[in-house]
Amino acid sequence: MEAAPLPSCPSTPRWNVERPFLTGRFHQETKGASRLAGTKGLSLDSFSSPGIDKAIGCYDAAVQELIVIDNLMSALVGIEGQYILIKRVHGKEDEITFQIDASMDLALQERAKWIFPLCESYLLIDQFVESRSQFKSGVVNHAFAAALRALLLDYQAMVAQLEHQFRLGKLSIQGLWFYCQPLMGSMQALSTVVKKASANNFTGSAVLNLLQSQAKAMAGDSAVRSLLEKMTHCASNAYLGILERWVYEGVIDDPYGEFFIAENKSLHKESLTQDYDAKYWRQRYSLKEGIPSFLANIAGTILTTGKYLNVMRECGHNVQVPSSKNSKLMNFGSNHQYLECIKAAYDFASSELLNLIKEKYDLMGKLRSLKHYLLLDQGDFLVHFTDIARDELTKKLDEISVEKLQSLLDLALRTTAAAADPCHEDLTCCVERSSLLKTLGNLKDLGTRAFPDNNDLEEPMSITGLETFSLSYKVQWPLSIVISKKALTKYQLIFRFLFHCKHVDRQLCGAWQVHQGVRALNMRGTAIPRSALLCRSMLKFINSLLHYLTFEVLEPNWHMMYNKMQTAKSIDEVIQYHDLFLDKCLKECLLLLPELLKKVERLKLVCLQYAAASQWLISSSIDIPKLEEPSDVSLRSEKSKQWRSRSQSQAVKMMTQNTTVTESILKFEREFNAELQSLGPILSSNSQAEPYLTHLAQWILGIRNDQ
């Protein structure tokens, strides 16, 4: 989860704070006029002479009670009286003390102190309302402050009614305490909330969590708990409005950065085809810290719902949730109705997006196309392409023309069965800059075991296009969500391995055809029979490897993925099944097992070296002289002598060449057998931990036993 910076908010004008009569603070900073002026049968003149303040102890108890009630009525709305003063600690707005004239009757002092907590609660709540009504406080604080303001209006109306009773002479200090006592618990609970919110500068979900936790803490006082739940409901209305737009439209309408989902607008959907880590899908929308407690368990569902709706909106598809399911999220009470609304919105968004991608954008058709071309399911085009592009592919990397390869690929696609596939135009070719082992070493996130560092991987000196050629595929939005850059890279790794295996197979088939072409000749005393046996063993090895890769790995895994996708309920499940398929194929194709892969690459290199040398080996082992028969007897006798002389020299030469050829074939045989024998135990030991290697081990060990 990420924390996003708060967006810029309009600032509160300075004059709204500096000019006191635009706020309620002036009541607390100036002494108001006494409320006794209109009291029945009483006047201020009876308590003090003009301009002279007397100590309250100068009056008898009855008069003191009236004065104290008058001062308390002022204190209840945050105004200082003549004998009850309100003091604040500088720099600590939430610390308020009340000072009483020490000469006051002790019984009156005690009764006044009973009411002071209510006065303090009013002051703290009123101060919170004014401070949290500013723009920067956010919509939750605005809503909470509005609810508190409405509560304070009722409170002030009650104080006005008490004042009326006081003016009629019907209110004693005991009566004042009687009427104030029921409010004490509620106001103190609210003041506790606002003090914590102010001290920690809470906004958004933090305020909702605080209100909810305080309501739960007041389980023993039903009236206070009911009030706090009402405050929570009022404060959450604005927050639930943001949530509504997200789960019903896929839009974040969060002017003050309070919502628990952050939007990274710097990431665009076009980046999916370029960004290997697919940050758009994972980080375009993400969870922030401070999730409301009542949404914590379904935060992931809420995030996913809006993401799905957003994808459909990006595709130009209608994303309005049907009215039958569009229930207002205006309460999160114990009936959990809001959970049902969110679940219904998720089900709608999930099914709509899945149908959109499967039906309109033909996801399965694109995956079949990838299987045909990058997993060589239908390789007739590749045979034709390899034939016509052989000269270009055998060049060094710096000499290869990608444009020429692309034109040859287009020609091969148009002249084979691939022309019937409407997706063949999305196929492009590319030439990587490093070998397969080097590329795998660079991709650290594939989960390879003990892959050597890049510095330890030596590139072949004569690396050509045959080792680095790859196909790519143009994937458009929204299919790029499933077939991302990372997924396409995995397809390309498998293709490069298969393509090179096919190349080795073709080279060995060529060598085998050369051997078959000389079967009718006299090969007695030559190394050709031994060479033919070696060629057959190499062919059996590469064919066994290709059979394992295609029929034991790719085909069953693809069908398993296809069946799972038919039952997928969301696009995230589709992505999961697709990624699982690719990861499993990479692993079972030995690409994530460095020790095995290096052995196989070494065996393929020996096979290629042998195939390249086979033409020379056979031509050096057989020499068929082409002699003309002269008609003259004398010339024939002379020619016979010359032939015997040359025959003897050629015999010596042939013996020397045959020895060299035999040594070369024996060298290839020793290298091939040594690598094959070292591969067998590795396969056998790994097949215990990786059961899928059992079939390959049986094939390889079978080849070794045949030899």
Classify the range 154-193: rounded, prolate or oblate, from the alpha-carbon gyration tensor (a ≥ b ≥ c, eigenvalue square roots; a/c under 1.5 rounded; otherwise prolate if a/b is larger than b/c)?
-> oblate
With all protein chains present, the range 140-220 has a carbon and sulfur share of its accessible area (1.4 Å probe) in percent of 55 percent
Quick one: length gained pulling Asp583 to Asp60 fully straight, 0.36 nm per residue minus the C-alpha distance?
-> 179.0 nm
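Give me the percent of accessible area attributable to carbon and sulfur for the range 459-592, probe 1.4 angstrom. Could you put the intermediate results ahead of the total?
Details: 2830 of 5340 Å².
Summing carbon and sulfur atoms, their accessible area is 53 percent of the total for the range 459-592.
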Output the pairs from Lys371/Lys587; Lys366/Lys486; Lys307/Lys584 with a Cα-Cα distance over 26 Å in this structure; if there are none, say none.
-> Lys307/Lys584
Dipole in debye (nearest 20) - the range 369-423, about Cα centre, beta carbon charges: Lys, Arg +1; Asp, Glu -1 = 40 debye
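Holding the Cα-Cα limit at 28 Å, pick out from Lys113/Lys136; Lys288/Lys564; Lys360/Lys564 the pairs that are longer than that.
With Cα atoms farther than 28 Å apart: Lys113/Lys136; Lys288/Lys564.
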What accessible area per residue comes out for the range 64-134, rounded to a whole number of Å², with a 1.4 Å probe?
-> 38 Å²
Heavy atoms of Trp616 accessible to a 1.4 Å probe, total area in Å² rounded to 10 = 130 Å²
Å² of accessible area per residue within the range 184-317, as computed with a 1.4 Å probe and no ligands counted = 40 Å²
Under a 1.4 Å probe, counting only protein heavy atoms, His372 has an accessible area in Å², nearest 10, of 40 Å²
Can you pull the accessible area of Val574 for me, 1.4 Å probe, Å² to the nearest 10?
-> 0 Å²
Of Glu359, Glu595, ordered by accessible area with the largest first and a 1.4 Å probe, the sequence is Glu359, Glu595
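The values are calculated or read from the model by the stated rules, or taken from the named source; none is laboratory data. All of these numbers come straight from a predicted model, not from anything done at the bench. Every residue, glycine among them, receives a Cβ derived from its backbone with ideal geometry; neighbour counts consider all protein chains shown. Ligands, DNA and RNA are excluded from the accessible area calculation, which covers all protein heavy atoms including side chains. Shrake-Rupley method; radii C 1.70, N 1.55, O 1.52, S 1.80 Å.
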